Amino acid sequence: MKRFLFVGLALLAACNQAPPATEVPKTAPVAPGPDLATLTDSAAPAALLAYGREHPGSEVLVRTRLGNIRVKLYDDTPIHKANFLLLARKGVFNETMFNRVVKDFAVQGGQTYVSRTIRLRRYRLPPEIKAEHFHKKGSLGMARYDDEQNPGRLSSNTDFYFVVGEKLDPNQSQAMAGRKLTPAQIKAYATVGGVPSLDGQYTVFGEIIEGQDVIDKIANEPVESDKWPVKDIPIKVEVVK
């Protein structure tokens, strides 16, 4: 009898124990910054400048199936820099890929997948074109569209490109640039390469500091007739500094 009583008490104690707490699923923290679904051409500059002051950054890592690219962002193009940091931190670029690859010219990314999960409005950025930031190989620039309806050369908010280009002798680079190049620019186009015809037309706001070979690999990927890579090249962007 004592043995049965002991067993019964043990069962009773087990029944009175509180059930194990169920773990509450953790949600990813929401990145700070302006609401991407409400930004407009007119509101974006002030909002982005404020964001850049409150949440600075200087380098990003672009991850691809062909390798990683480390990029330095320029301080003197603060709107483009802050916009890139904001979209990177909010995960926008992680739903994009390299969508236009032109060998010996440039590789462009930021095109969205069909099903985007992040609400994003198509606002544009005012140009921050600097003569000292030119289209040498490895430069990071922002695309623009609708030139006839865009005389102010406003940049896309998402579509960026890395310059590939070719090495050019001084006469070639000078003719392509359509403006007087500095000795340093002439030397860069001759030794590194680039696309001087883009100078003064698009905002350059950064440059590759590691992983130029990855861009070269992307530039040599087979492409469809519309220059979209035959095999998709998804992008992941992380702010690392």
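Keeping to the range 127-164, report how many residues are of a type outside the set (D, E) and under 25 Å from D35 (Cβ atoms).
13
Which one is nearest to the chain's Cα centre (by Cα) among residues in the range 120-166 that are assigned to a loop (DSSP other than H, G, I, E, B), buried (at least 19 other Cβ atoms within 10 Å of the Cβ) and among the hydroxyl-bearing types (S, T, Y)?
T158
Could you tell me which of the residues Y202, Y189 is touching a Ser or Thr at 6+ places or on another chain (Cβ under 9 Å), touching a residue at least 12 places away in the same chain (Cβ under 8 Å) and either part of a loop (DSSP other than H, G, I, E, B) or among the aliphatic types (A, V, I, L, M) (or both)?
Y202
Considering the range 167-186 alone, what residues qualify as being within 15 Å of V204 (Cβ to Cβ), in a helix (DSSP H, G or I) and touching a residue at least 12 places away in the same chain (Cβ under 8 Å)?
Of everything in the range 167-186, those that are within 15 Å of V204 (Cβ to Cβ), in a helix (DSSP H, G or I) and touching a residue at least 12 places away in the same chain (Cβ under 8 Å) turn out to be A177, Q185.
Restricting to the range 35-67, what's the tally of residues that are part of a loop (DSSP other than H, G, I, E, B) and either surrounded by fewer than 16 Cβ atoms within 10 Å (Cβ to Cβ) or under 17 Å from the mean Cα position of the chain (by Cα) (or both)?
14
Considering only residues of the range 194-213 that are surrounded by fewer than 21 Cβ atoms within 10 Å (Cβ to Cβ) and among the β-branched types (V, I, T), which is farthest from H133 (Cα to Cα)?
The residue in question is I209.
Read-outs: derived from the displayed coordinates by stated rules, not from any lab. Quick caveat, the model's predicted, so the values are computed rather than measured. Reconstructed Cβ throughout: ideal geometry from the backbone, glycine too, with neighbour counts over all protein chains shown.
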